[in-house]
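In what follows, a structure is listed as structure tokens, so that the remarks can point back to it.
Read-outs: derived from the displayed coordinates by stated rules, not from any lab. Treat the numbers as computed from the prediction; the structure is a model and nothing was measured. Using ideal geometry, Cβ is built from the backbone for each residue, glycine included, and neighbour counts are taken over all protein chains shown.
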């Protein structure tokens, strides 16, 4: 089982990403990534991270897809890894198209999953 700890529910993932997740992990459980306020103290982040660890451990997941606010994501990945959990993120190709009006359109093409290094 894969836990999707992000603000992007599994049902909204691109088809290729959904297929890859099911192929490797059989099922996906969504846990919403918490909204992190810039003024929050480190201690509050530690409390939130520890609560998430408890939730994740109770699900007995094979891996956790962790995507969100950068510093808190780093904190979570380190905490999860210290507890023997595999953390992954998506590999993607960034596609940029310049439009006639001079603006830029960006999209991302899913290319697989990659494990966070230790």
Quick one: Cα centre-to-centre distance for region 31-77 and region 80-118, in angstrom? 19 Å
Which value at 222 nm does the chain reach when only helices count, each DSSP H run of 4 or more adding -39,500 (n - 2.57), with the total divided by all residues and rounded to the nearest 500 deg cm²/dmol? -11500 deg cm²/dmol
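Apply the a/c threshold of 1.5 to the C-alpha gyration tensor of region 42-90 and tell me whether it is rounded, prolate or oblate.
Details: a/c = 1.92, a/b = 1.21, b/c = 1.59.
Since a/c reaches 1.5 but b/c is at least a/b, the shape of region 42-90 is classed as oblate.
Based on the mean of other Cβ atoms within 10 Å per residue, sort peptides 90-103, 69-82 so the most packed one is first. Provide the component values of the computation, followed by the final result.
Details: 90-103: 9.4, 69-82: 16.6.
Per-residue mean Cβ counts within 10 Å order the peptides as 69-82, 90-103.
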Evaluate the relative contact order of the chain (contact order divided by residue number), counting alpha-carbon pairs under 8 angstrom at least 6 apart; express in whole percent. 25 percent
Crossing angle, helix 42-59 versus the chain [Cα axis fit, 0-90 degrees, rounded to tens]: 90 degrees
Which value, to two decimals, describes the C-alpha radius of gyration of the chain once divided by 2.2 N^0.38 Å? 1.17
In terms of the Cα gyration tensor, with a ≥ b ≥ c the square roots of its eigenvalues, is region 1-58 rounded because a/c is under 1.5, prolate because a/b exceeds b/c, or oblate? oblate
A chain fully extended from residue 100 to residue 47 at 0.36 nm per residue, minus the present Cα-Cα distance, gains in nm 14.2 nm
Angle between the chain longest axis and helix 70-82 axis [Cα atoms, degrees, rounded to 10]: 50 degrees
